[in-house]
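Reading through the structure tokens given below for one structure.
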Amino acid sequence: MSNYQFKEIEAKWQNHWQANDAFKTVENDQPKYYVLEMFPYPSGKIHMGHVRNYSIGDVVARFKKMQGFNVLHPMGWDAFGLPAENAAIKHGIHPDKWTRENILEMKEQLSVLGLSYDWDREVATCFPDYYKWTQWLFLQFYKKGLAYKKESRVNWCPDCETVLANEQVVGGHCERCDSKVGKKLLNQWYFKITDYAEDLLQDIEKLDGWPDKVKIMQKNWIGKSEGAEIDFPIENTDKKLKVFTTRPDTIYGATYMVLAPEHPYVAEMVAGTEYEAPVNALIEKLQHLSDIERTSTEMEKEGLFIGQYCINPVSGERVPIYIANYVLIDYGTGAIMAVPAHDQRDFDFAKKYDIKILPVIKPADLEGEMTLENEAYDGDGIMINSQEFDGLNNQEAYGKIAGKIEESGAGQKTISYRLRDWLLSRQRYWGTPIPIIYCDDCGAVPVKDEDLPLELPTDIEFTGRGLSPLTTSKSFMEAPCPECGKMGKRETDTMDTFVDSSWYFLRYADPKNTEAPFNRESGNYWLPVDQYIGGVEHAILHLLYARFFTKVIKDLELIDVDEPFKNLLTQGMVLKDGAKMSKSKGNVVSPEEIISKYGADTARLFVLFAAPPERDLEWNDQGVEGCFRFLNRVWRLAIEAHENKMFDNVVTTTSKEDKNLKYMIHNTIKRVTDDVEGRFNFNTAISAIMELVNDLYKYKENNKDAINGELYKEGISNLIVLLAPFAPHMTEELWAMIMGEGSVHELSWPQYDPKAIVKDEIEVVIQINGKVKDKMVIPADISKADLEKLAMENEKIQGLIGGATVVKIIAVPKKLVNIVVK
Ligand code: ANZ
Ligand code: ZN
């Protein structure tokens, strides 16, 4: 018998599939199915996380194809980004060369996994034929007012003299030289994603096929709050301080105001006073903290009085104005009314700086005085210290106080979102150039469509210094104004790589189009993606940006869908020794090693079998061995049947074992189908197939001379077909060898025969006074009366009853008979 020579077999079929365009997809009138794994950054090496991600996608693609869908399963490269630029600075390799080489290397590594990609649709975001359309889309956004420039702060390393991405700032220090990172004000490009905040929030409801945890993360990120904006006049000035609050019901308890230190009023109010120096010192200190750190409840509250007072517009009380670390400039209005009795952060601050704490809501069941020793009270209750509103419950008071504020003209109801506009400018080389030219006369002018793509220049110095490498290119910097022709200057920022990945799934629908990002018919044919698969680390930004792009692209009338991903699967991590595989931990198992030792089919089978896709997967060498042995068992079983011509064996009667095997075959088809479809429980699907293999072995051993050839063939052929999406090479080889013609991957997915999975004999238990005494095998469809009769005729039971009197017989068909005796 020939051994399972996985090396030759896998290479043979990979070449065959490629030579025959086996996975090429064209639009047709079959129902379509678009399955997509998040495209990788071409780092040069695939890791086990990739193997897992792509194996999951490949099973779905192959399974759906066998179910009769026209499957789109593309692959490409998220190819712009910092590592290429760092390689250029460190080793002097041009980012373009570095990236292209990595792409080739990774493609090679992917090809040995036997993945069913239509490589004709490959895209790379760093190729001009792709970023031409990223630029074109940017300009459509710009023309719609959805891309704009404003001044904002970037991380700045004073020693390297360069802008740093957030991930290059480690604990407030520069990743490269360890000096303390500061901030620099730059004019930067933003996408107005906040215009779509409400749509992005509402449409989360439509995403039935998304995990709840991801939907909750998106909701929280958008962070809608309903409340009011209220103006507090500033004493001795004609200025008013606008605050945003979600709790207008607590306004009588506002005992101080807080401004974000960066609030423009602050500098004005403290100019030339004793407060100026301490205010500046605090601002300087806060520059090194992120918003998340600043607002965390753990954060020590810090701030100071700035010498001025506001007037509470409802109570007329005079309240001091502070600045503090926990109020952020770019949420709400950048200023708050602080209610220490009912907000914990205000409470902590008031305790520290000895500010009055005045409760205005008291728990309904509290008798006597309300004291707040250690924490704020954030529950509901009865209004106190609130003039005419005293005695109302606070929910009622909420509307009435908001009404009073509105009537008096001191404020109005409003909605606030946590979502910020998307800062897309990067002071980097290796990204999509922003196609804008600045003209002294005409301002910011879009590059003309016919001049796209605006290509990255190659005459660049990678010094790692300065604002943006593009400023070092003479050929790039100077350009005539598209409107008046006068010499202008180009924008030198490039785009955040999240822009590139916000529309790549649309490009796959029509990747070679030179007239448009994709044509509308193709977009409408393929989109939305039916199944998107990727890591949960992208649950917020990438998915939100992709949803935003899709909505704008729909509003540009380029496509009719308004949500890009119908179903989302977020796969778990691959762990070893309980920790994520990483170079620094030294616990990396390389896919190459595993594949060369056991083959791709084993590697695929293991990552699919070891855990359900959404869970973390613990790497386990014995588990890999086990999968390899299993495939060998399948191999031997099939080859033996073929070589010994077992399928030709004719028997005339159907034995009980035959019936059993028939049941097993069809029940396995049912289990695998149910597990793969919708639920993606590949691990249980594979164990069902393993059980079938055991049963086929048992059947063969027990029926040496009486093997029912036709039935056995049904068993082996279904085994091969069911295993095909998981282990595509071995099954292709076995199919060709045993069944003679065609590709197993071109077959229809098997249907189970419902009659075969009705068990016609079942086991029921017999109880006496509720205790199990015996079991019997009886026809499944027997009547209640017959069931009672059979139980009473049972010899063992008769013996046990002996002389006792039978009081009652309770028969539950298909389950049990209980005989009550006295
Ligand atoms: C008074 C008050 C009383 C508040 C109370 C809360 C509880 P969410 O729900 O997250 O939207 N706030 C407003 N702007 C802020 C800023 N820029 N930085 C830090 N905090 C800010 O939170 C809204 C509440 O957070 C607002 O309602 C405000 O405090 C604070 F018992 O106003 B509240
Ligand atoms: Zn001009």
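A short reminder: the numbers here are calculations on the coordinates, not readings from a lab. It should be emphasised that the depicted structure is a prediction, and the values quoted were computed from it without experimental measurement. Here the Cβ is made from the backbone with ideal geometry for all residues, glycine too, and neighbour counts use every protein chain on show.
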**Study point:** Residues S502, S743 arranged by fewest to most Cβ contacts within 10 Å
**Key:** S743, S502
Check your understanding: Cα axis of helix 82-91 to longest principal axis of the chain: angle in degrees, 0 to 90, nearest 10?
Key -> 80 degrees
Study note, to complete from the structure: In degrees, nearest 10, the alpha-carbon axis of helix 656-676 is tilted away from the dominant principal axis of the alpha carbons of the chain by 10 degrees
Check your understanding: Where Rh denotes the Kirkwood radius from the mean inverse Cα pair distance, what is Rg over Rh for the chain?
Key -> 1.08
Practice item. Give, in nm to one decimal, the length gained when the segment between E375 and D560 is fully stretched (0.36 nm per residue of separation minus the Cα-Cα distance). Key: 61.4 nm
Check your understanding: Near K149, which aspartates and glutamates are there with a Cα under 14 Å away, not counting those fewer than 8 places off in the same chain?
Key -> D421, E491, D493
Exercise for review: Extending each Cα 7 Å along its Cβ direction at S584 and T471, get the distance between those two points in nm, one decimal.
Suggested key: 3.2 nm
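Loop only by DSSP, 16 or fewer other Cβ within 10 Å of the Cβ. Give me the trypsin sites (Lys or Arg not before Pro) in region 470-554 that pass, ordered by residue number.
Details: sites: K474, K486, K489, R490, R507, K512, R520, R547, K551, K554; in loops: K486, K512.
Here the sparse-neighbourhood loop sites are K486, K512.
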Review point. Of the trypsin sites (Lys or Arg not before Pro) in region 704-771, which ones lie in a loop per DSSP and count no more than 15 other C-beta atoms within 10 Å?
Key: K704, K755, K759
Exercise for review: Return the lysines within reach of K362: Cα separation strictly under 24 angstrom, same-chain partners fewer than 8 residues apart disregarded; answer none if there are no such residues.
Suggested key: K351, K352, K400, K404
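Roughly what % of Cα-Cα distances in region 211-368 sit above 22 Å, to the whole percent? All intermediate terms of the calculation are to be shown ahead of the outcome.
Numbers: 5473 of 12403 pairs.
Pairs farther apart than 22 Å: 44 percent.
Ignoring everything except DSSP H segments at least 4 long, calculate the 222 nm mean residue ellipticity for the chain; use -39,500 (n - 2.57) per segment, divide by total residues, nearest 500.
Working: 26 runs with 296 residues, N = 822.
The helix-only estimate for the chain comes to -11000 deg cm²/dmol at 222 nm.
Summing +1 for each Lys or Arg and -1 for each Asp or Glu, what net charge is found among the other residues whose Cβ lies under 13 Å from the Cβ of N393? List each step's numbers first, then the result.
Working: positive: K362, K400; negative: D249, D365, D380, D390, E396.
Around N393, the surrounding residues sum to -3.
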**Study point:** Cα centroid of region 108-166 to Cα centroid of region 678-716, whole Å
**Key:** 50 Å
Review point. Where does each of M573, M730 land when they are ranked from fewest to most other beta-carbon atoms within 10 angstrom?
Key: M573, M730
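With the cut-off at 19 Å, report for region 113-187 the share of all Cα pairs above it, as a whole percent. Each step should come with its number before you reach the end.
On the way: 1738 of 2775 pairs.
Counting pairs separated by more than 19 Å, the tail of P(r) holds 63 percent.
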Check your understanding: Can you give the direction-averaged projected area of the convex hull of the alpha-carbon atoms in region 761-821, in nm²?
Key -> 3.5 nm²
**Study point:** lysines with Cα under 17 Å of K815, excluding same-chain neighbours fewer than 8 positions away
**Key:** K759, K771, K773, K775, K784, K789
Check your understanding: How far is helix 344-353 tilted off the main Cα axis of the chain, in degrees rounded to 10, range 0 to 90?
Key -> 40 degrees
**Study point:** Alpha-carbon centroid distance for the pair region 572-609 / region 488-537, whole angstrom
**Key:** 31 Å
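Percentage of Cα-Cα pair distances in region 650-774 greater than 19 Å, rounded to whole percent?
Details: 4307 of 7750 pairs.
In whole percent, the share of Cα-Cα pairs in region 650-774 beyond 19 Å is 56.
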Study note, to complete from the structure: Reduced to Cα centres, the span from region 421-477 to region 751-822 in Å works out to 83 Å
Point to revise | region 74-159: trypsin sites (Lys or Arg not before Pro) in DSSP coil with no more than 15 other Cβ atoms inside 10 Å | key: K144
Practice item. Taking the dipole about the Cα centre of the chain, with the C-beta of Lys and Arg at +1 and of Asp and Glu at -1, give me whichever of F726, I801, H16 is farthest to the positive side. Key: I801
Check your understanding: In this model, which of K144/K448; K215/K566; K219/K301; K150/K489; K206/K512 are farther than 23 Å apart at the alpha-carbon?
Key -> K219/K301; K206/K512
Point to revise | E763 paired with N3, simple spin-label distance in nm, labels 7 Å along Cα-to-beta-carbon | key: 4.1 nm
Point to revise | Distance (nanometres) between label positions extended 7 Å along Cα→Cβ at L541 and N280 | key: 3.4 nm
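Sorted by mean Cβ packing within 10 Å, highest first, what order do the peptides 246-252, 685-691 take? Write out the running numbers ahead of the final one.
Working: 246-252: 23.6, 685-691: 20.3.
Taking the mean over residues of other Cβ atoms within 10 Å, the ranking is 246-252, 685-691.
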Revision key, fill the gap. Sorted on mean Cβ neighbours within 10 Å (highest first), peptides 354-362, 12-20, 214-222, 422-430 come out as 422-430, 354-362, 214-222, 12-20
